[in-house]
Amino acid sequence: MTAVPFLELAAQHAELAGELADAYRRVLASGRFILGAELEQFETEFAAYCGARHCVGVSNGLDALHLILRAAGIGPGDEVLVPSNTFVATWLAVSYAGAVPVPVEPDPATYNITAAGTLAALSPRTRGIIAVHLYGQTADMNSLQQVAAAHGLLLIEDAAQAHGARLHGQRAGSLGEAAAFSFYPGKNLGALGDGGAVVTSNGQLADRVRRLRNYGSDRKYHHEVAGFNARLDELQAAFLRAKLPRLEAWNARRREVAARYAESLASTGLGLPQAAPGCDPAWHLFVVRCVERDRLQAELGARGVETQVHYPVPPHRSGAYRERFAQVSLPLAERLASEVLSLPMGPAVSDAQIARVAQAAQDGLSAMRHAPAGAISRSG
Ligand SMILES: *Cc1c(COP(=O)(O)O)cnc(C)c1O
């Protein structure tokens, strides 16, 4: 029995049932399903939310990253710095553009890349940096921006986990030259299917992304560049418009859940998230660290607490990259992949569920101390 599911979207959708049904009826009545008024209005609303001038809705977060790189002219022969410990999409976007992802190990406390790390990875071919706001915590964008400015690099935010996160009061999406968002259903702002957006205050970049997402076309059947079909459809835009007004309240509840977890897990010895000064994370995930992660996950599961691992295989050991990186070791990324565990997180997590998770963690850890892994494998 799962007493505490990892992610519970049903409550959110029940709360919004009326608005979502209205959105569906509006789109049906309009007869317009691609590149219409819902998308335009969502783009205006989401740009304003992020504190940026432009938003271009696209098909998903991977395409958002890919189209930013293409729009900036980054391609074959170029290198782009990426975190060693991110979701594989960050790397794949660079590969899709024809450029080479160059991994940078993260800060061991925040799990985000730093200026010092990027400086050490620069080469004459470096053209850009993709800073991932991992788990919803903003990267140290001010010092990364200094590196970017000093070396003529494009600083891109991978904000797929950071809708509404702030750094010194400024929202993710307005912290670099351009930002990529994902509206995958499980993200802080999720569609009822795939979706994504590019957010930027650079009008020229926004225009180029707008063209690239629609077959390279500004006018119907006039194709100026070899573009893609990477549009956000009207129905998803309408659903996202119904959800956006709730995002602040949902993130506020995530913040409370995180604070309660931090308090109730403080004495367990688990590695807990550490927010950098000035950062107000969006708490997409609440990730703890434990050397015996797999055992802890099993103990929690046996007590009805569902958890996930973000991510068990670092990109350089994934099928897409393992041959090229066979001789490369990225010790921190590899260690994090074996130690991180994401606890149930979302606006629907109740205080009772938090208490249950904390109790399960305490009991599970105590069971692990009494029957160490070695003892179990010998008897089993
Ligand atoms: C979810 C995610 C993406 C990709 O988004 P999709 O919409 O699934 O393509 C990219 N980067 C990070 C960090 C993500 O978490």
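The values are calculated or read from the model by the stated rules, or taken from the named source; none is laboratory data. The shown structure was predicted, so the numbers you read here are calculated from the model rather than taken from an experiment. As a convention, Cβ positions derive from the backbone with ideal geometry for all residues, glycine included, and neighbour counts pool all protein chains shown. SASA here: full protein model, heavy atoms, side chains in, ligands and nucleic acids out. Shrake-Rupley method; radii C 1.70, N 1.55, O 1.52, S 1.80 Å.
Among helices (runs of 4 or more DSSP H) entirely within segment 275-380, having at least 3 residues that are of a type outside the set (D, E, K, R) and under 25 Å from A10 (Cα atoms) singles out 293-302, 351-370.
Checking each residue in segment 136-160 for being within 16 Å of the ligand (Cβ to nearest atom), assigned to a loop (DSSP other than H, G, I, E, B) and open to solvent by 10 Å² or more (accessible area, probe 1.4 Å) picks out Q137, A160. Between L35, L28, L39, L9, the distinction of being under 30 Å from N229 (Cα atoms) and in contact with an Asp or Glu (Cβ under 7 Å, 6 or more places away or on another chain) belongs to L39 only. For segment 169-196, a residue qualifies if it is more than 13 Å from the ligand (Cβ to nearest atom) and of a type in the set (D, E, K, R), and the qualifying residues are R171, E177. Taken across segment 51-62, residues that are assigned by TED's automatic domain parsing to the domain that holds A172, of a type in the set (S, T, N, Q), under 30 Å from R127 (Cα atoms) and open to solvent by 30 Å² or more (accessible area, probe 1.4 Å) do occur, with at least one present. Note on segment 112-135: among residues that are polar (S, T, N, Q) and away from the ligand (no atom under 16 Å from the Cβ), the one that is surrounded by the most Cβ atoms within 10 Å (Cβ to Cβ) is T118. Strands (runs of 3 or more DSSP E) fully within segment 176-264 that include at least 2 residues being open to solvent by less than 70 Å² (accessible area, probe 1.4 Å): 178-182, 196-200. The sole residue among E256, E263 that is outside the structural domain of Y111 (by TED's automatic domain parsing) and under 23 Å from the mean Cα position of the chain (by Cα) is E256.
What about N85, is it surrounded by fewer than 24 Cβ atoms within 10 Å (Cβ to Cβ), within 28 Å of A348 (Cβ to Cβ), modelled with pLDDT of 95 or more and within 16 Å of the ligand (Cβ to nearest atom)? Spelling it out, it is not the case that N85 is surrounded by fewer than 24 Cβ atoms within 10 Å (Cβ to Cβ), within 28 Å of A348 (Cβ to Cβ), modelled with pLDDT of 95 or more and within 16 Å of the ligand (Cβ to nearest atom). Here is the figure for segment 63-82: residues that are open to solvent by 30 Å² or more (accessible area, probe 1.4 Å) and in contact with a Pro (Cβ under 9 Å, 6 or more places away or on another chain) total 1.
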